[in-house]
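Data first, discussion second: the structure below is written as structure tokens.
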Amino acid sequence: MRIVLSTESTGLAYFPGLAQDVTIDSQQLPEDAADTLQRLVQEANFFEQPDDVCGSTRAFDIRQYSLTIQDGRRRHTVTLTDQVEDPALRALLAEVQEVAQEKRQTPAKGRRGSKTGKPQDNNSRGSNTGQGKPSQEP
Amino acid sequence: MPVFMFIGQAAAQWVPVEGPERNTMCDCAQRHPILCIIPPDILENIARNGTPEQRAEAMNTLAVDNTMRAMRLAQRRRAPRGGDRRLTLATPTKTRLIYDAHNDTNLPGELVRSEGQAATADQTATEAYDGLGHVWDFYYDIFERNSIDDAGLTLKGVVHFNRGYDNAFWDSQYMVFGDGKLFGRFTASLDVIGHELTHGVTEHEAGLAYLMQPGALNESMSDVFGIMIKQRVLNQKATEANWIIGEELFHGTHLQGIGLRSMKAPGTAFDDPVLGKDNQPAHMSKYVRTLKDNGGVHINSGIPNHAFYLVATALGGYAWEKAGRIWYETLRDSQLRSTAGFTRFARRTLAQASTLYGAKSAELKAVQDAWSQVGVKV
């Protein structure tokens, strides 16, 4: 199973380090951690969730995520915020965030829990930002 | 409700559109028809392993997909401009309610303090109560504004949201505080409280769209009024203040930085292994084009933030006396549209400065000079 956590908005401020996409390959996690993720994905009925579960509330400075999971031939992306109401989906997001945070804080080489010990790519998409003179009106 | 349409991925520009296109903004009509149906992880593979042309196209499409989702959030209904405002002969009084979410994410949680009740033993609840009070007092004492909506809205705060939550937000009904894990507790920062509640003020006034330049202006308004609320409590004049947003969040942590943002020197607030480096620009020549962060609303706000700092320090005295008055009247200006970019906003600040202080005033010149210094041509 492969999980990509993309943080679209890092909240009250923009933190480039926290905005980097994190890819989690369950084959590179300890067995119990991989089992936990697999169970949470099933309990959340992730592949049956709608594309957008952000709800109807208009919020400012809230964190927004895109969570993409591929498991075998199934693949699905859900956009959500920290205010997600579904407790099972909330538990899945919390676990993914926990693993992602650990990956961010651990140097690429010799990450704890990696079965292969291979360095992992924390930023497969890049930040897609650039500087330059823009139009002054949107 | 304004609608934006993406024209030209390389140019990364959004323009307001009218007419029949309004209903097509969230579908694939404006995008590459094949890349629209390719799943994100396949696109990522292309972005990593494809030819340079394929990689560029895949990267753009991935970013646009994410931004389309952000667009849907940005387009949700907002409160009508001044629609709830009503005339009343009663003296405005502040009303606060503080809830405890008990580390859950269901709002609002348990009511732990109402207006006039004694403080509890929870320091976080006390800080939230006091902070909401300082915000109400500032808007009423300085601008005679009756709460966030200028119609006596009860201010509601929620503390202990989620577990170790490193954020605070305004959801149009509640100001929500995390306890922090990387950061300190979010109730400790008065300018952050002012920042969040000012999102409510903006929502009820200009209603600046939370996207691209209007979104950066929305963010800047929150920083401008948030920092003035803190400066008033500290009795600091413009030239005495440090103009750092959220400095208390970094106290007692291992983070390498002095705050979330610097209005005095945008782009210098933090440089940390986990957070990354502050990338706020202070000038239009450094404007950051991005599809993250709702089009860089927390990034490019550095430009109007710095303009306000320049006006306030040029005029001297307390920031809310002149610079703050000009910005507040601009926010209430009926000619400031929700889709305004930096140039249109800057022009309205000039108009308000001229109306308030005269066409040959030092105040008007200070505003002109500030926008010139940050590279916004008016």
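Odds and ends about this structure:
- Candidate set: the range A:38-80, residues that are out of contact with any Asp or Glu (no Cβ under 6 Å at 6 or more places or on another chain), open to solvent by less than 20 Å² (accessible area, probe 1.4 Å) and in a helix (DSSP H, G or I); chosen: the one nearest to B:Gly296 (Cα to Cα): A:Phe46
- Candidates in the range B:147-165 are the residues that are of a type in the set (D, E, K, R) and at pLDDT 95 or above; of these, the one that is least open to solvent (accessible area, probe 1.4 Å) is B:Asp149.
- Filtered residues of the range A:38-80 (kept if of a type in the set (D, E, K, R) and touching a His at 6+ places or on another chain (Cβ under 9 Å)): A:Glu48, A:Asp51, A:Asp61
- Every pair of residues 6+ apart whose Cβ atoms lie under 6 Å, when the first sits in the range B:173-188 and is open to solvent by 30 Å² or more (accessible area, probe 1.4 Å) while the second is part of a helix (DSSP H, G or I) and at pLDDT 95 or above: B:Arg185/B:Thr124; B:Ala188/B:Glu248
- Residue satisfying condition, being open to solvent by less than 10 Å² (accessible area, probe 1.4 Å) and more than 13 Å from chain A (Cβ to nearest Cβ), within set B:Ala370, B:Ala362: B:Ala370
- B:Asp223 charged (D, E, K, R), out of contact with any Gly (no Cβ under 7 Å at 6 or more places or on another chain), buried (at least 24 other Cβ atoms within 10 Å of the Cβ) and within 11 Å of another protein chain (Cβ to nearest Cβ): yes
- Any hit, the range B:267-277, residues being under 24 Å from B:Thr330 (Cβ atoms), open to solvent by less than 10 Å² (accessible area, probe 1.4 Å) and touching a Phe, Trp or Tyr at 6+ places or on another chain (Cβ under 9 Å): no
- Among (1) in contact (Cβ under 8 Å) with a residue 24 or more places away in the chain; (2) within 7 Å of chain A (Cβ to nearest Cβ), the one test that B:Tyr287 misses: (1)
- Some residue of the range B:143-160 being touching a residue at least 12 places away in the same chain (Cβ under 8 Å) and assigned to a helix (DSSP H, G or I): yes
- Scanning the range B:290-318 for residues that are of a type outside the set (A, V, I, L, M), within 14 Å of chain A (Cβ to nearest Cβ) and more than 15 Å from A:Ala19 (Cα to Cα) yields a count of 5.
- A:Pro16 vs. criteria within 27 Å of B:Lys292 (Cα to Cα) and either without any contact (Cβ under 8 Å) to a residue 12 or more places away in the chain or surrounded by 15 or more Cβ atoms within 10 Å (Cβ to Cβ) (or both): yes
- Among the residues of the range A:58-109, the one identified as at positive phi and facing another protein chain (nearest Cβ under 10 Å) is A:Asp61.
The values are calculated or read from the model by the stated rules, or taken from the named source; none is laboratory data. Model, not experiment: these values are computed from the prediction. For neighbour counting, all protein chains shown are included, and Cβ atoms are generated from backbone atoms with ideal geometry for every residue, glycine included. Just the protein is used for accessible areas: all its heavy atoms, side chains included, with ligands, DNA and RNA removed. Shrake-Rupley method; radii C 1.70, N 1.55, O 1.52, S 1.80 Å.
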